[in-house]
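Asks: Take a look at the following structure, please.
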Amino acid sequence: MAFISLETAAARLGVSVSYLRDLIDRVDRIRTVLDPDAEADFWSSKTAVIPQRDLRVYTNMIAQRRFVRFRERYADVLVDGVELTCGPGWKSLLDRVAERIRWMPPEWCVRLRKAREKSGYLVLGFEYDRDRPDAYNELERLREEVRLSSLAVCEECGRSGRFRYSPRRSLTLCDKHARLSEPVLPGDGVMADPASDGGR
Ligand SMILES: [Zn+2]
């Protein structure tokens with residue numbers, strides 16, 4: 001079996017080494033990284049290698065995280081260069097938003113401008129005809145509906161999750177991915193919505 005260094009792998013994947021390390025940790029694959037230097041630490045090692053065949057796995061994961069297929073499938077309801085900065089677990093929420101836009105009256109000229117994770121929930125931005133109060137009202141409803149839904153879906157894997165209150169990074173995660181926002185703050189588990197329960 002052929003192995004390649006993390007540096008080479010990152011270059012081949014078109015990402016930085018720190019992005020690749022973070023990805024490997026997120027998807028729980030640190031154990032697949034080998035290091036001839038037994039003392040080396042995963043986060044700083046210069047000698048770590050991965051099986052070359054894993055490149056394909058990471059290529060797919062990166063495409064998923066960039067929502068490559070979503071961008072193609074829903075190009076008609078997205079602005080060019082739409083900002084999609086949230087985890088792959090929220091893909092079903094993005095699908096829901098895109099489908100809803102398709103059902104809106106064409107004269108509203110609605111397109112998704114951004115979908116961004118903020119303080120643990122999904123924030124949406126739209127382009128639309130600003131002279132249409134009916135469009136504004138419907139989009140405000142959709143925005144709030146999706147924001148509340150996102151507070152129950154793990155941003156990493158899409159399973160049921162809850163808001164994790166953390167000083168480092170508040171996120172909505174399932175029990176399996178809860179470690180990504182550890183350590184949590186007092187109030188974690190009580191606060192379900194940082195926007196209405198008085199978060200930071
Ligand atoms: Zn999860």
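Any read-out appearing in this document is the output of simple, stated calculations on the displayed coordinates, not a laboratory observation. In this text the structure is predicted, and so the values were computed from the model without any measurement. Cβ sites come from the backbone with ideal geometry, for glycine too, and all protein chains shown count toward neighbours.
Asks: Could you work out the local net charge near Val190, counting Lys and Arg as +1, Asp and Glu as -1, over the other residues with Cβ closer than 13 Å to its Cβ?
Replies: -1
Asks: If each of Glu72 and Glu144 carries a label point 7 Å out from its Cα toward its Cβ, how far apart are those two points in nm?
Replies: Modelled inter-label distance: 3.8 nm.
Asks: About the Cα centre, and with charges only on the beta carbon of Lys, Arg (+1) and Asp, Glu (-1), how big is the dipole of the stretch 70-200? Nearest 20 debye, please.
Replies: Approximately 460 debye in magnitude.
Asks: Over the stretch 3-65, what relative contact order in percent results from Cα pairs under 8 Å that are six or more residues apart?
Replies: Relative contact order of the stretch 3-65: 42 percent.
Asks: Cross-link partners among lysines for Lys176, C-alpha distance below 20 Å, same-chain residues fewer than 8 apart left out?
Replies: Reachable lysines: Lys91.
Asks: On a full-extension model of 0.36 nm per residue, what is the gain between Arg31 and Val190, subtracting their alpha-carbon distance, rounded to one decimal in nm?
Replies: 53.9 nm
Asks: Over the chain, with a Gaussian network built from C-alpha contacts below 10 Å, which listed residue (Arg169, Arg143, Arg53) shows the highest mean-square fluctuation?
Replies: Looking only at Arg169, Arg143, Arg53, the biggest GNM fluctuation is shown by Arg53.
Asks: Let me ask another. Among Leu173, Leu93, Leu34, which one shows the highest mean-square fluctuation when the chain is modelled as a Gaussian network with alpha-carbon springs under 10 Å?
Replies: Top of the fluctuation ranking is Leu34.
Asks: Cα centroids of the stretch 1-43 and the stretch 108-164: how far apart, whole angstrom?
Replies: 34
Asks: When only Cα pairs under 8 Å and 6 or more residues apart are kept, what is the percent relative contact order across the chain?
Replies: Relative CO of the chain lands at 13 percent.
Asks: Top mean-square fluctuation among Arg130, Arg116, Arg71, Gaussian network model of the chain, C-alpha springs under 10 Å?
Replies: Residue with maximal mean-square fluctuation among Arg130, Arg116, Arg71: Arg130.
Asks: Okay, moving on. Determine the gain in length on full extension of the stretch Gln52-Lys118; use 0.36 nm per residue of separation and subtract their C-alpha separation, reporting nm with one decimal.
Replies: Extending this stretch completely gives an extra 20.2 nm.
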